[in-house]
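I have placed the structure first, in the form of structure tokens, so that the comments after it can refer back to it.
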Amino acid sequence: RALVYDPPPTDPLHVGAVRVLEANWTGTSTVPSRGLYPHQWSWDSAFIAIGLRHLSPLRAQTELETLLAAQWDDGRIPHIVFNPSVPLDAYFPSPDFWRSSTAGRAAGAPRTVQTSGIVQPPVHALAVWLVHRADPGLSHARGFLARMYPRLAAWHRYLLHRRDLGGAGLASVVHPWEQGMDNSPCWDAPLARVTPAPARSFRRADLDHGAAEDRPTDLDYGRYVRLAADYRDAEYRDGGGEFAVEDPAFNALLIASEHALAAIAHELGATGTARHARAERLTRVLRERLWDQAAGVFRCRDVRGGGLVPERSVSGLVPLLLPGLPRETVAALVDTAYGPHFGLGSGTRLPPSYDLLGEAFDPHRYWRGPAWFNTAWLLERGLRTHGELARADALREAFLDVAGTSGYAEYVDPFTGEACGATGFGWTAALTLDLLH
Ligand code: 9WN
């Protein structure tokens, strides 16, 4: 395990990853990308902290502390914490769109910092636990776990109560940006019901930095804006929106984080058994609600439309991460990942974000086909958890190779590894460091 006082690394892959994390560090947190995403993002920071712990456990703790300091009183952790020194037009939607300090007042948005009002996948308790383990002495000395625990517990409480919109115990996302895979074909049907905001009513900043054909369309953006504006105008009250989806990756990360929270509770002197039991119960609910045995994949459930979405997304493979999955479910998921729909071991270098055989597949358009490094990291971890060591090793090798040759890209063509979107991307660099250790 590398600590700050280890000799400087000489491996170019390691050196390059460190350089990206240095360049993206603001002093209190790390931006996903200097140009495209110049603020702090929630699940990015969790993945970034997981890598940063190998470089500087203190910085990794600070990353998570900065994010959790922006938590709302109702428990939600906002998906963006805005940097006040960045010009308003550098990213859309900016703080004047979200208006957290006024529209979010009833939900307890912080007064001192501007945030968005939606959330992202709950990778945080897992990140806090892994960061703690990188340097338990420093963590104890700084009271890191004791300070983070009540915030993480409130976060999970928010998701499991206020966001149980389907009534079965799982959390729903109320916006595609919340699940993190913005333009996944899984959202096409539930989004089709949403009337887009007129294109002239907003200005996209992402097109200043990324190729239009790699990004979501204007029509997608119109719907993203409408959903977010409606939520804001309802003062971020939960339960009324047009879009509500139970997503397998979002819930699997919540369950993995609930296991991590149990470990944190145990470290702080409690037993943690109630939390482990809850995680096991949620694993069963996840299977009852979202598992499709015939397809060998977890599906999204459109809570407003009432059914499972008939698309295969990498999101439906992420539950492989869960230790409590029955052996036959694990076997079916591995078959799916290594079969024709995702092509691992026989055509794709990294897991594509969407079904290679799906009608909407596009190897370059964001979450409609390209491979992303955070999901590759989660699958690598899942394979390892379930004893698929040779496959985990091969995926790790491919991850490291493609991360280096793509310049730590945001996402890549799943067949060729060609870089798409931004380069020098935070979680790609951070998770590279994690896999190198
Ligand atoms: C909206 C920051 C984020 C990631 C998401 C990714 C993208 C934002 C955008 O960038 O979303 O949150 O503007 O496209 O889809 O997963 O967290 O890296």
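Only the coordinates and a few stated rules stand behind these numbers; no lab work does. Just so you know, these numbers come straight off a predicted model, no measurement behind them. Heads up, the Cβs are rebuilt from the backbone with ideal geometry, glycines too, and the neighbour counts pull from every protein chain shown.
For the reader, a short list of remarks on this structure follows.
- Where helices (runs of 4 or more DSSP H) sit wholly within region 81-154, those with at least 1 residues that are in contact with a helix residue (DSSP H, G or I) (Cβ under 6 Å, 6 or more places away or on another chain) and away from the ligand (no atom under 16 Å from the Cβ) occupy 100-103, 124-134, 136-141.
- Subset of region 184-212 (residues that are assigned to a loop (DSSP other than H, G, I, E, B) and either closer than 23 Å to Pro38 by Cα or not hydrophobic (A, V, I, L, M, F, W, C) (or both)): Ser184, Arg193, Thr195, Pro196, Pro198, Phe202, Arg203, Arg204, Ala205, His209, Gly210, Ala211
- Test set (1) touching a residue at least 40 places away in the same chain (Cβ under 8 Å); (2) closer than 21 Å to Gly27 by Cβ; (3) within 15 Å of the ligand (Cβ to nearest atom); (4) surrounded by fewer than 24 Cβ atoms within 10 Å (Cβ to Cβ) - Ala69 fails condition number: (3)
- Taking (1) part of a loop (DSSP other than H, G, I, E, B); (2) farther than 30 Å from His54 by Cα in turn, Met181 satisfies each apart from (2).
- In region 372-385 there is no residue matching the filter, namely being closer than 21 Å to Glu311 by Cα and surrounded by fewer than 21 Cβ atoms within 10 Å (Cβ to Cβ).
- Test: residue in region 4-26 that is within 12 Å of the ligand (Cβ to nearest atom), part of a loop (DSSP other than H, G, I, E, B) and either touching a Lys or Arg at 6+ places or on another chain (Cβ under 6 Å) or aliphatic (A, V, I, L, M) (or both): no
- Qualifying residue in region 48-60 (condition: without any contact (Cβ under 8 Å) to a residue 24 or more places away in the chain, out of contact with any Pro (no Cβ under 6 Å at 6 or more places or on another chain) and either away from the ligand (no atom under 15 Å from the Cβ) or within 15 Å of Thr432 (Cα to Cα) (or both)): no
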